[in-house]
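Beneath this line is the structure, given in structure tokens, with notes to follow.
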Amino acid sequence: MDKETLDLIQSIPKDVWLQLYNDAPKPMLRQFGKLGEDLAKTLRLITFPVQCTAFIQDRIDEGFKRAIQKVPEERRVTPPEGLILDIADKLKHHDSETLVGKLYVELLSASMDRERNNQAHPAFLPIIGQLSSDEALFLLRLSKKKPSLYIKHMLTWDLVTKEERELLLEGKSFPFYDEEKNLLDMTLHPEEYFYPNNFYIYIEHLNELGLLEYTNEATSEDWKRWAEIKSIKYDMWCIQLTKFGELFFKCCTDALVSLDK
């Protein structure tokens, strides 16, 4: 919310706000008891000066309703006010049925869940707005393959095709974390993304956001066995979620898993 809007809100006497709130139609959030009442009051008071249409308010209310419904009643707690207002502002522009909207709902839901509010890191808020659907799918794939691999041409940024990948890795495996794993099963598939040519861009962007890390350095005796497999034409990179990325995935799991449905 910009400074001009906040200044406008703060300039209006509190008793005027309360009268406006009391005169407003009862929002859907009130059905959730005290937590719903508190959320509704905060949202109504903060959005009155800028509330243009009932459509926008209904969109915000629907997002908050979905967030509350995901939390068992006995675990519901009031989330930080700053987070409430920031997410409400985001939901004005993103329907809760969209991927980005779902991610905001998941963040809000975690923040009002006594058992999950440690997952609701405030830094996730600006990250959500920067994610494409391909990048969200990328995070989902990394969560399922630990660690994941990708094969890259040594001298170019051209994508390695499915046929090249299979020819190079078919039937090859070696131990990761005391478990023998098939290299093909661990390898990411650029062709499954909507914009496959952005595959390397996604890696760099998610790395800059602090969500993933990658290396092609020999960090163990097992990894050195790659030298027996790779050729002068290809290189193999190990890629995985960072601890921060794992926390983000835990917080927003339901929204990300929905990409596979």
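The values are calculated or read from the model by the stated rules, or taken from the named source; none is laboratory data. Predicted model only: the values in this text are computed from it and were never measured. Cβ sites come from the backbone with ideal geometry, for glycine too, and all protein chains shown count toward neighbours.
Just a few scattered comments:
- Number of the condition not met by Leu131 [criteria: (1) in contact with an Asp or Glu (Cβ under 9 Å, 6 or more places away or on another chain); (2) more than 17 Å from Met236 (Cα to Cα)]: (1)
- Checking each residue in the range 238-254 for being in a helix (DSSP H, G or I) and under 17 Å from Ala123 (Cβ atoms) picks out Lys243, Phe244, Gly245, Glu246, Leu247, Phe248, Phe249, Lys250, Cys251.
- Scanning the range 194-208 for residues being under 16 Å from the mean Cα position of the chain (by Cα) and exposed (fewer than 15 other Cβ atoms within 10 Å of the Cβ) gives a total of 1.
- Helices (runs of 4 or more DSSP H) lying entirely in the range 112-211 (those with 3 or more residues that are more than 30 Å from Glu97 (Cβ to Cβ)): 162-169, 183-186
- Taken together, Leu183, Leu169, Leu142 contain a single residue that is within 27 Å of the chain's Cα centre (by Cα) and aliphatic (A, V, I, L, M), which is Leu142.
- Residue in the range 112-123 that is among the aliphatic types (A, V, I, L, M), touching a Phe, Trp or Tyr at 6+ places or on another chain (Cβ under 6 Å), in contact (Cβ under 8 Å) with a residue 24 or more places away in the chain and surrounded by 22 or more Cβ atoms within 10 Å (Cβ to Cβ) present: no
- Here Phe176 fulfils each of the conditions (1) modelled with pLDDT under 95; (2) crowded, with 16+ Cβ neighbours inside 10 Å; (3) touching a helix residue (DSSP H, G or I) at 6+ places or on another chain (Cβ under 6 Å) apart from (3).
- Extreme residue, surrounded by the most Cβ atoms within 10 Å (Cβ to Cβ), among residues of the range 230-244 that are in contact with a helix residue (DSSP H, G or I) (Cβ under 7 Å, 6 or more places away or on another chain) and either closer than 14 Å to Leu169 by Cβ or at pLDDT 95 or above (or both): Leu241
- Asp95 at pLDDT 85 or above, acidic (Asp, Glu) and surrounded by 12 or more Cβ atoms within 10 Å (Cβ to Cβ): yes
- Members of the range 70-110 that are under 18 Å from Val257 (Cα atoms) and in a helix (DSSP H, G or I): Leu99, Val100, Gly101, Lys102, Leu103, Tyr104, Val105, Glu106, Leu107, Leu108, Ser109, Ala110
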